[in-house]
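To start, the structure itself, in structure tokens.
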Number of protein chains: 4
Amino acid sequence: MPRPAPWRLSPDAYPHSQPIQTRFGDMDVLGHLNNVAFAALFETGRTKFNHHAGLWGALLNRRAVVAQMEINYLAEGQYPDDVKIATGIGEIGNRSWQILATMFQGGQPIATCDATVVMDKDAGGNGLPDAFRAELAKWRVREGGEA
Amino acid sequence: MPRPAPWRLSPDAYPHSQPIQTRFGDMDVLGHLNNVAFAALFETGRTKFNHHAGLWGALLNRRAVVAQMEINYLAEGQYPDDVKIATGIGEIGNRSWQILATMFQGGQPIATCDATVVMDKDAGGNGLPDAFRAELAKWRVREGGEA
Amino acid sequence: MPRPAPWRLSPDAYPHSQPIQTRFGDMDVLGHLNNVAFAALFETGRTKFNHHAGLWGALLNRRAVVAQMEINYLAEGQYPDDVKIATGIGEIGNRSWQILATMFQGGQPIATCDATVVMDKDAGGNGLPDAFRAELAKWRVREGGEA
Amino acid sequence: MPRPAPWRLSPDAYPHSQPIQTRFGDMDVLGHLNNVAFAALFETGRTKFNHHAGLWGALLNRRAVVAQMEINYLAEGQYPDDVKIATGIGEIGNRSWQILATMFQGGQPIATCDATVVMDKDAGGNGLPDAFRAELAKWRVREGGEA
């Protein structure tokens, strides 16, 4: 079980960060944020990031779906405190790209999420359009040591 | 199907108001906020209101549960816009009390929620403690025409 | 806070009944089914009932939305046990109708739900089509004393 | 983005299989099962598997949490059809173990989930108890070609 790279735990690695509210229903029987609730929080973080970055507009009406999601749980989360989700673009492939995120609460990283998004088969015959690829590139994460 | 009283549609009727974020997963197949999502949003509004008002502290360790919930849906809700939930205390009974709320989006009321909370049977033999009753009374809604 | 009529607590009052699974995430911090989870369970019960009864087909492509929902919580629910949801049609109005349901677990009623569904304004100018009204009537609840 | 190994796509690889119901609220705006809903379905599959296999009893009161979750989405899922979730134990480490699952609908694999569960730090000082390790071993997946 490889753990997230150390640079993922710093908000400085990401071009975008936003507060996201937790909900009462996110808590499990132990009173902590449930692991599925983390997935819902990350999904909301991703879609708000996409809105903010104008990425859906750049993709026009092509359809994209999540093909893979990996979450690493680092610490317990609490309600009713907000979390902060930092987000950026990771690897950009021929028909797919990664949306990488780390969730913080009280200044501590509590989870990372790597989502791989793929352009719909029918729409993606020729790979990602160049204009969209350029938009994605503006929001790349800054991996440690590369800066 | 009686509809909410007109005074419920004004934020001025409530002593407390707070922004609550919507989530991507709140949307149904039509792209509007789903009716169960409204229930989750109101629940988060209630528990945050209780935190803010210090009501759980005043109730000490007695347990309270929702006994009845009525939601009136007035208009469609949208993601990713926030909603604003205005909250106050309605009728106060012997062992129960109402938490009344209205949800607004873009300045328009989109739903009301009446929740009746009851003190646990074992804990509530003698009704609500006077100190708690006094705390509740501080957060009463202001019904139109009665002021 | 008027409580459900006694006839609502008997499965015999309803023309349709189905098992619905609970989920781990339905539990709240006390280890019982959360009140919003009840709303989600009833929603799934309603939509499966509609599928079973062919009601959406009869309504063709007209759009209907939930306008009001009232849930009465009667007892605590448990995971991982299934619940049984009994469903039937209540009052039928000009543009709206009620879907009434009671949830049972371990043979005991644990909640009732009254949902009022309204035909979309644009589609419902002339009220419910007669053919649809006739379909609804086939699935009426059997109120005690009326049989 | 490495994809699931081919043996993961066969129900025969798993010692346990169970039907799990989908819910209306699992659908996203496109009318398919949402990716977070897959996480909730897998979570329910895992906890029901644990009940069935008696694994929590064998662990006594030690606490275990999900440390990592990876989901691979292979095809779209539909409501109101049930899914079938096949489950087994993967690698068993010193303080952790994998719960591997594949979700099928209409006979086709639509997603895999690899969850890594870790015994609580305080409880796990000396690693997994031998009796629990033996219980886990009874529920191992059968990897293709290795049998």
Checking A:Glu43 against (1) at pLDDT 95 or above; (2) more than 19 Å from D:Ala39 (Cβ to Cβ), which single condition isn't satisfied? (2)
Residue check for D:Leu55: modelled with pLDDT under 95 and buried (at least 16 other Cβ atoms within 10 Å of the Cβ): yes
Does B:Thr116 qualify as being of a type in the set (S, T, N, Q) and in contact with a helix residue (DSSP H, G or I) (Cβ under 8 Å, 6 or more places away or on another chain)? no
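Just wondering, is there one or more residues in segment C:82-96 that are acidic (Asp, Glu) and closer than 14 Å to B:Asn35 by Cα?
Start the filter on segment C:82-96 by keeping residues that are acidic (Asp, Glu), which leaves C:82, C:91.
Narrowing the set further to residues that are closer than 14 Å to B:Asn35 by Cα leaves none.
No, because not a single residue in segment C:82-96 is acidic (Asp, Glu) and closer than 14 Å to B:Asn35 by Cα.
Go through the residues of segment A:86-98 one by one and say whether even a single one is in a helix (DSSP H, G or I), of a type in the set (D, E, K, R) and free of Cβ contacts under 8 Å to residues at least 24 places away in the same chain. Please lay out each step first, then the result.
Of the residues in segment A:86-98, the ones in a helix (DSSP H, G or I) are none.
Checking segment A:86-98: not a single residue is in a helix (DSSP H, G or I), of a type in the set (D, E, K, R) and free of Cβ contacts under 8 Å to residues at least 24 places away in the same chain.
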Segment D:106-120, subset within 13 Å of chain A (Cβ to nearest Cβ) and aliphatic (A, V, I, L, M), residue farthest from D:Pro6 (Cα to Cα): D:Val118
Within segment A:22-55, considering residues that are among the polar types (S, T, N, Q) and at the interface with chain B (Cβ under 10 Å from one of its Cβ atoms), the one farthest from A:Asp114 (Cα to Cα): A:Thr22
Does B:Ala13 meet the test of being away from chain C (no Cβ under 14 Å) and in contact with a Pro (Cβ under 6 Å, 6 or more places away or on another chain)? no
When segment C:54-80 is examined, which residues are found to be in a helix (DSSP H, G or I) and either touching a Leu at 6+ places or on another chain (Cβ under 9 Å) or among the charged types (D, E, K, R) (or both)? C:Leu55, C:Ala58
I need a count of the residues in segment D:78-105 that are away from every other protein chain (no Cβ under 12 Å) and among the acidic types (Asp, Glu). 0
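Which one is surrounded by the most Cβ atoms within 10 Å (Cβ to Cβ), of the residues in segment B:107-116 that are of a type in the set (S, T, N, Q) and in contact (Cβ under 8 Å) with a residue 40 or more places away in the chain? Working first, answer last.
Restricting attention to segment B:107-116, the residues satisfying the condition of being of a type in the set (S, T, N, Q) are B:108, B:112, B:116.
Right, trim to in contact (Cβ under 8 Å) with a residue 40 or more places away in the chain and you get B:112, B:116.
Working: B:Thr112: 23, B:Thr116: 20.
The residue in question is B:Thr112.
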Inspect all residues belonging to segment C:82-92 and state whether any of them is in contact with a strand residue (DSSP E or B) (Cβ under 6 Å, 6 or more places away or on another chain) and hydroxyl-bearing (Ser, Thr, Tyr). yes
Subset of segment C:78-106 that is of a type in the set (D, E, K, R) and over 17 Å from C:Ala134 (Cβ atoms) - its residue that is surrounded by the fewest Cβ atoms within 10 Å (Cβ to Cβ): C:Asp81
Breaking point among (1) within 11 Å of chain B (Cβ to nearest Cβ); (2) over 25 Å from D:Ala40 (Cβ atoms), for C:Ala75: (2)
Positions within segment C:10-50 being in a helix (DSSP H, G or I), surrounded by 14 or more Cβ atoms within 10 Å (Cβ to Cβ) and over 13 Å from the mean Cα position of the chain (by Cα), in sequence order: C:Phe24, C:Gly25, C:Asp26, C:Asn35, C:Val36, C:Ala37
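Name the single residue, out of those in segment C:3-54 being of a type in the set (Val, Ile, Thr) and free of Cβ contacts under 8 Å to residues at least 24 places away in the same chain, that is farthest from D:Lys84 (Cα to Cα).
Residues of segment C:3-54 of a type in the set (Val, Ile, Thr): C:20, C:22, C:29, C:36, C:44, C:47.
Of the ones still in play, those that are also free of Cβ contacts under 8 Å to residues at least 24 places away in the same chain are C:29, C:36, C:47.
On the way: C:Val29: 28, C:Val36: 25, C:Thr47: 20 Å.
Per the criteria, the residue is C:Val29.
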What's the total number of residues in segment A:78-99 that are modelled with pLDDT under 95 and closer than 14 Å to A:Thr47 by Cα? 0
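Consider D:Glu143 carefully, then state whether it is at pLDDT below 95 and surrounded by fewer than 22 Cβ atoms within 10 Å (Cβ to Cβ).
On the way: at pLDDT below 95: yes; surrounded by fewer than 22 Cβ atoms within 10 Å (Cβ to Cβ): yes.
Yes, satisfied.
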Restricting attention to segment A:73-90, report how many residues are touching a helix residue (DSSP H, G or I) at 6+ places or on another chain (Cβ under 9 Å) and over 24 Å from B:His51 (Cα atoms). 6
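The values are calculated or read from the model by the stated rules, or taken from the named source; none is laboratory data. This is a predicted model, so every value here is computed, not measured. Glycine also receives a Cβ, built like all others from the backbone with ideal geometry; neighbour counts cover every protein chain displayed.
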